[in-house]
Protein chains: 4
Amino acid sequence: MKDIQSMRDDRGIAIQKVGLTDVHLPFSIQSKDGQHQSVLANIQLTVDLPHNFKGTHMSRFIEVLNDWSQKPISSKEVGHILREIAARTEAQRAHIEMAFKYFIEKTAPVSKYTSVLDYDCTFLGDILEDGTFSFILGVSVPVTSLCPCSKEISKYGAHNQRSTMRVKIQYQQDRFVWLEDLVALLEAQASAPIYPLLKREDEKYVTELAYDNPKFVEDVIRDTVLAFRKHPDIVWFDVECINYESIHNHNAYARHTEFK
Amino acid sequence: MKDIQSMRDDRGIAIQKVGLTDVHLPFSIQSKDGQHQSVLANIQLTVDLPHNFKGTHMSRFIEVLNDWSQKPISSKEVGHILREIAARTEAQRAHIEMAFKYFIEKTAPVSKYTSVLDYDCTFLGDILEDGTFSFILGVSVPVTSLCPCSKEISKYGAHNQRSTMRVKIQYQQDRFVWLEDLVALLEAQASAPIYPLLKREDEKYVTELAYDNPKFVEDVIRDTVLAFRKHPDIVWFDVECINYESIHNHNAYARHTEFK
Amino acid sequence: MKDIQSMRDDRGIAIQKVGLTDVHLPFSIQSKDGQHQSVLANIQLTVDLPHNFKGTHMSRFIEVLNDWSQKPISSKEVGHILREIAARTEAQRAHIEMAFKYFIEKTAPVSKYTSVLDYDCTFLGDILEDGTFSFILGVSVPVTSLCPCSKEISKYGAHNQRSTMRVKIQYQQDRFVWLEDLVALLEAQASAPIYPLLKREDEKYVTELAYDNPKFVEDVIRDTVLAFRKHPDIVWFDVECINYESIHNHNAYARHTEFK
Amino acid sequence: MKDIQSMRDDRGIAIQKVGLTDVHLPFSIQSKDGQHQSVLANIQLTVDLPHNFKGTHMSRFIEVLNDWSQKPISSKEVGHILREIAARTEAQRAHIEMAFKYFIEKTAPVSKYTSVLDYDCTFLGDILEDGTFSFILGVSVPVTSLCPCSKEISKYGAHNQRSTMRVKIQYQQDRFVWLEDLVALLEAQASAPIYPLLKREDEKYVTELAYDNPKFVEDVIRDTVLAFRKHPDIVWFDVECINYESIHNHNAYARHTEFK
């Protein structure tokens, strides 16, 4: 049976990225407490295609992902996946994006009831021709923001809303930043964290906390920038904040990116 | 060239709905001020298929929609579209769902600045074997809700958030309810309406209005039910309210449906 | 601390559904092989609210869901969840919708390579005033459809595309239908099933299978209706088929619902 | 009334982007035939915020967009919008993303019936400190792709599917590329274009055209790269192709970016 993909291509164009998107697979993620968490990943996996090949072999992408779907992974294993797919497709470079919901236990501030909250996370990995592996950790953290202007000018009350802090970071190669720690750092920059389970005494607490701690979308960004600049292991970050304004049908937005 | 669709089918199954979904077309909607508004519609159009035909002729659906895409439409014209597609496909029944964003001018409460706000609207139409035409008008209205519990138990402040009121109504055949009037009725049931453009004096006003007017998702539903029961022309309604809780990552929700 | 939700309401309106939507939690689903599969569920849980209460207690919904998040569930346990939330909120009726991706192993038709495919599934449960529990099982199955008209009129080739069969069923109270069996029944009604992992010999097989087996959206529906009518345990079904036409930017669609 | 936004900020952080997202407004786009097309735009508009200001004035963004919502716009006017918002917010840089559906008339290849097809388009504009304005035009074009491997190895038939070509281009400052021309160029690189309205003779034509013209996702990318390299006015491009594989539930994908 003819192998069309392996045939020679004469257009002289090496393609930067070829592969699969929207592959859904269960994966097992290493968590800070030494356990593993089973997650549902949506994956994009691509390699470069040399100019002389007509096509890449897409079924090999599924084979590699299926294998790794069985074993606990973290940043290091993301590098292994990339090296394996590059080897199997005779590619020089490989790129992966894995998006998944990751659950972290939250303790209500007063009642101390516990419950789990889902965070949208991403692993982005790249290997280059020279073998260099780079890894970016991403997370979206839902928080409360309370408007300083509304609080200042109103006799009582202040508009507040759910916000999303969407963050990507790179850390030093020999260090490691856990999702659990990154989330805690980010929640501390908002007007208040959010929780799945709050009793009345907790609701009073977070309402007053947010009112005591008004923040524009600009304040959330600036305080996060300060926290990241101080962090010893983070070398690059990209932070966005989106406020789903309770008084509008559009969102307030800010974004900042820095190589330290 | 053979007409496969018109061939005889022997399985003896009349299909209830056959047609197209996700057809995107510009349409022109009659507005309350006597003008027309150009909207972008996402359309589902189906007919029944008698047991003896193998298939319906899908290109006729596009022809009918293309024609009506040129002319201003309202509920009456939705009936004309349905009768036309039923006639062209030799069907007894036809059903349409048109979803579109409709813009209504909003005046800021204090500064009186004007701006336009988009509302997600739907026209749902049905004709039956006996020629009966029924029409349902749907609209989603973004509003502010402020939590009565949070206000009561906290020393200051109260959590509030963007909410969506999602409503469908049927009115008496010889009457008419304008989207503009339906939206105004609904906005009056929330803690506060929302606006695209607010100056500082307006922001103070809506912040205090919401604080003076705390409502659970249950309150929004009950007050809307009361308003609909009083409305002389509305004969059936379905109302949902979704609060995108600022202190949680899930939503509070309520729904109620009534034939009056 | 005042319990606002428990206060008396004087509007005289009992609300049909009050609760939470978009709760994300891991759940464990019983699979046909006697194992459990860890899934990520998106949940809507509601109860009715008697006319005399101002509000329901939303935190109890999270408590009940958190508890059940730890234990393997199937239809029977869905009933337990509903009875528990009704009891905890003094409600007469309760309703749940759980949506989750469920993985089933697929064996490539010729090479016999195995891989897992994700299916979007739903559990819908209701309990009524009289204690009756009803359960609906839903699943979306991606398949290939190949157009009989295109095949007939063209010298060679035939347009084909990815389609989704979206199905809900109810089965007799004392019987049980496994997702694994429902999916297999549905895949047999399309032009060809789809697979995550296909080698060249498999690709040849499914290409020819689809060409030998052309089906309109109407054919897929009719063959599914026939299969469901013959099934001894299914008492009600709702089947939709959506063809993401490769020659259009809209979809062909059909739907049929039946109490047997 | 205090202007909190104008207050001095002491954290010393200039924010790269502050503004609004998900603003929905009607806009009027200049079309190639000298007319204007009314579109529904989803807009992100941001400016930089100097380190010494606490916040930007978000209501001014809506005012500027409202004004421009009334007048026909094209790339030049996007520059005017950016200069205006930068001036009104005392910013050095401004960035806009406008996403909208744009309709282009399509003529069926044999029957010559006409209908309109919607294309997802984007205008991306930037002005920098030195006043430089750059503009990127984006469009997503739905097409048919037919698999060369499936055609080669199968006795008859070949799997094909709907694909999306997602393209961004920059052209020389003193030149102009119309959406209508860009779409036509892209449709020529696929196995076959798609149409909203096809009669039987057209369906035969596009079925055979695709079969005569098999293309991997890699072929679509390479042929597009060749076409763009030859185009006298295009100086930069980014092209993606996504095949919604009819035999899988994931997508084949390729991407290539080039400064010429």
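The values are calculated or read from the model by the stated rules, or taken from the named source; none is laboratory data. Everything numeric here is computed off the predicted structure, so don't read it as measured data. Cβ coordinates were reconstructed from backbone atoms using ideal geometry, including for glycine residues, and neighbour counts include every protein chain displayed. SASA here: full protein model, heavy atoms, side chains in, ligands and nucleic acids out. Shrake-Rupley method; radii C 1.70, N 1.55, O 1.52, S 1.80 Å.
General observations
- For peptide A:35-42, the mean count of partner chain Cβ atoms within 10 Å of a residue's Cβ comes to 3.
- Using only Cα coordinates, the Kirkwood hydrodynamic radius of the stretch C:191-243 works out to 13.0 Å.
- Carbon and sulfur %, accessible surface of the stretch A:205-252 computed with the full protein complex present, 1.4 Å: 53
- For the stretch B:137-260, the relative contact order is 32 percent, taking Cα pairs closer than 8 Å that sit 6 or more residues apart in sequence and dividing their mean separation by the residue count.
- Taking a sphere under 11 Å around the Cβ of A:Thr56 and counting the other residues whose Cβ falls inside, with K and R at +1 and D and E at -1, yields a net charge of +1.
- Pairwise centroid distance, computed over Cα atoms, of the stretch A:189-242 with the stretch D:68-90, Å: 34
- Secondary-structure-derived ellipticity at 222 nm for chain D, considering helices only, amounts to -8000 deg cm²/dmol, per-run term -39500 (n - 2.57) for DSSP H runs with n ≥ 4.
- Applying both filters, DSSP loop and at most 14 other Cβ atoms within 10 Å, to the trypsin sites (Lys or Arg not before Pro) of the stretch B:105-203 gives B:Lys112, B:Lys155, B:Arg175.
- Counting only alpha carbon atoms, the long axis of helix B:58-68 and the longest principal axis of chain B meet at about 60°.
- For the pair B and A, total buried accessible area rounded to nearest 100 Å², probe 1.4 Å: 3200
- Alpha carbon centroid spacing (whole Å) that separates the stretch B:105-159 from the stretch A:136-182: 28
- Residue-averaged beta-carbon neighbours from other chains (10 angstrom radius) around A:108-118: 3
- Helix A:75-88 vs. chain A, principal-axis angle (Cα, 0 to 90°, nearest 10): 20
- Each copy carries C:Ala87; placing its label point 7 Å along the C-beta direction from Cα gives inter-copy distances of 5.7, 6.2, 7.1 nm, listed from smallest up.
- Coupling constants for the stretch B:104-109 follow from the phi torsions by the Karplus curve (6.51 cos²θ - 1.76 cosθ + 1.60, θ = phi - 60°), and in residue order they are 10, 6, 10, 10, 4, x Hz; glycine and proline get x.
- Each copy carries B:Arg8; placing its label point 7 Å along the C-beta direction from Cα gives inter-copy distances of 5.9, 7.3, 9.3 nm, listed from smallest up.
- Taking all protein chains together and rolling a 1.4 Å probe, A:Asp3 ends up with roughly 40 Å² accessible.
- Summing +1 for each Lys or Arg and -1 for each Asp or Glu among the other residues whose beta-carbon sits under 11 angstrom from that of B:Ala184 gives -1.
- Residues of the stretch C:125-161 buried by at least 40 Å² on assembly (accessible area, 1.4 Å probe, chain alone as reference): C:Cys149, C:Glu152, C:Ile153, C:Tyr156, C:Asn160
- With contacts taken as Cα pairs under 8 Å and at least 6 residues apart, chain C reaches a relative contact order of 14 percent.
- Kirkwood estimate for the stretch A:93-190, i.e. one over the average of 1/r between Cα atoms, Å: 16.1
- On Cα atoms only, tilt of A:200-212 relative to the major axis of chain A in degrees: 90
- Shown are D:Met7, A:Met165, whose ranking by accessible area with a 1.4 Å probe and every protein chain present, most to least, is D:Met7, A:Met165.
- Alpha-carbon gyration tensor eigenvalues x 5, square-rooted, for the protein assembly as shown, Å: 42, 36, 32
- Exceedance of the 29 Å cut-off in Cα-Cα distance is limited, within the set B:Lys17/D:Lys204; A:Lys199/C:Lys101; A:Lys17/A:Lys215; B:Lys106/B:Lys204; B:Lys101/B:Lys199, to A:Lys199/C:Lys101; A:Lys17/A:Lys215.
- Per residue, the protein assembly as shown exposes 36 Å² of accessible surface when a 1.4 Å probe is rolled over the protein heavy atoms with every protein chain present.
- Copies compared at B:Glu129 - label distances in nm, ascending, label defined 7 Å from Cα in the Cβ direction: 3.3, 7.3, 7.6
- Size descriptors for the stretch D:31-84, from the alpha-carbon set: Rg then Dmax equal 13.9, 48 Å.
- Taking the empirical scaling 2.2 N^0.38 Å for compact globular proteins as reference, the stretch D:1-131 has a Cα radius of gyration ratio of 1.31.
- Surrounding net charge for A:Ser31, when Lys and Arg each add one and Asp and Glu each subtract one, Cβ distance under 13 Å: -3
- What a 1.4 Å probe finds exposed on the stretch C:1-131 is 47% carbon and sulfur by accessible area, rounded to a whole percent.
- Largest to smallest principal axis extent of the C-alpha atoms in the stretch A:137-260, angstrom: 51, 29, 23
- By accessible area with a 1.4 Å probe, ligands and nucleic acids excluded, highest first: order of B:Tyr211, D:Tyr205: D:Tyr205, B:Tyr211
- For the stretch A:230-256, residues shielded by at least 10 square angstrom of accessible area compared with the chain on its own, probe 1.4 Å: A:Tyr244, A:Ser246, A:Ile247, A:His248, A:Asn249, A:His250, A:Asn251, A:Ala252, A:Tyr253, A:Ala254, A:Arg255, A:His256
- Relative to one another, the C-alpha centroids of the stretch C:7-66 and the stretch A:3-36 are positioned 39 Å apart.
- Residues whose amide H comes within less than 5 Å of that of B:Ala94, counting only those at least five positions distant or on another chain, are B:Ile127 (H built at 1.01 Å from N in the peptide plane).
- Above 25 Å, the calculated P(r) of chain A contains 54 percent of its Cα-Cα pairs.
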